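Derivation of every value follows stated rules applied to the coordinates shown; laboratory data play no part. Source: prediction; values computed, not measured. Note that each Cβ is placed from the backbone with ideal geometry, even for glycine, and that neighbours are counted across all protein chains shown.
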Amino acid sequence: MKRRWIVTGVVAWAVVIAGFALYSYSSDPPTAREQTTIADALPTVDTALGRIYAALDPATSVAALGGYRRTEVSCRVTSAREGTRFNRELMVYVRPGSEAAALDRVKSALPAAYEPNVAHSGTTDLLTADAGNFVAVRGSVTEPGVLRFSADTGCRVQKAAVTEATPQSQDANRAPVQAVLDTLGKPASQWRTHRLTSPACGALWTVEAVTTGDGAAARGTVPASAVVLDTAKVFAYRAGSAGVALRKDGDTLVVSSSAGC
């Protein structure tokens with residue numbers, strides 16, 4: 001009888017321990033990146049970029065959101081587990097000479113929990129931050145008037161396909177881009193829509209059209225006061241609440257419009 005009670009007590013204690021372990025697994029936040037998946041990271045990626053966009057001066061900047069991009073097809077999560085890696089970028093166009101101030105503005109607006117830092121060293125200006133959930137954020141100047149912000153998932157297991165949130169209609173928010181195409185007299189060979197939702201700013205979207213030419217005809221129709229950046233590669237301006245950019249990429253011209261937040 002005594003032995004039976006001992007066995008019963010051991011079994012009961014094992015059940016209690018297992019219950020605590022299960023509760024801890026389901027409710028405690030992960031303590032290492034390898035405990036998470038790519039899908040776990042994407043909302044943090046979007047929230048970080050939404051915060052950055054919301055921090056920009058809407059009167060003097062134009063942004064273009066990109067999609068999720070796989071940066072490593074195969075990487076090691078652990079010695080026994082293989083993973084992959086994604087990042088997402090937000091390109092920002094500002095007036096030449098204001099790049100460092102734009103990085104400082106973003107740093108000041110990010111939550112203290114991100115521990116944002118901006119290093120100004122000679123010709124290098126770099127923002128770094130930790131968005132939490134093991135997502136790294138970087139911002140840098142790629143050329144005069146051009147900033148690139150990125151949020152990186154790091155190497156994680158991918159258990160599901162990576163897809164973007166899309167507008168209710170793929171035709172939504174195309175008007176500023178279509179106006180440029182009409183001015184150029186060029187059709188779009190391809191349309192792309194990138195969108196994110198973020199607690200920091202609601203919805204942000206970028207609509208892009210791919211066409212040909214250099215966009216010169218459109219430049220003359222924009223008031224000088226609305227122009228943010230005018231270089232051989234990029235022409236960016238404000239059109240009401242939307243930011244519009246014409247970006248040369250070889251023989252291709254990409255016309256984008258971003259709004260939201």
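Structural remarks
- Packing order of peptides 211-220, 75-84, highest average first: 211-220, 75-84 (average count of other Cβ atoms within 10 Å over each peptide's residues).
- Gyration tensor verdict on the stretch 33-152 (Cα atoms; rounded if a/c is under 1.5, prolate if a/b is larger than b/c, oblate otherwise): prolate
- Its Cα centre serving as origin, the chain has a Cβ charge dipole (Lys and Arg +1, Asp and Glu -1) of approximately 900 debye.
- The stretch 81-234: C-alpha gyration tensor shape, a/c 1.5 cut-off, then a/b vs b/c: oblate
- Start at zero, step by 10 Å, and the Cα-Cα distances of the stretch 197-261 spread as 21, 48, 24, 7 percent across the bins.
- Inter-part distance where the stretch 30-102 and the stretch 208-261 are each reduced to a Cα centre, Å: 23 Å
- Structure-based [θ]222 nm, the chain - -39500 (n - 2.57) summed over DSSP H runs of at least 4, per residue, nearest 500: -8500 deg cm²/dmol
- Dividing the convex hull volume of the alpha carbon atoms of the chain by its residue count gives 168 Å³ per residue.
- GNM flexibility winner over the chain from 162, 180, 207 (Cα, springs under 10 Å): 162
- Ordering 66, 90, 162 by the projection of their Cα atoms onto the charge dipole of the chain, which places +1 on the Cβ of Lys and Arg and -1 on the Cβ of Asp and Glu, puts 162 at the extreme positive end.
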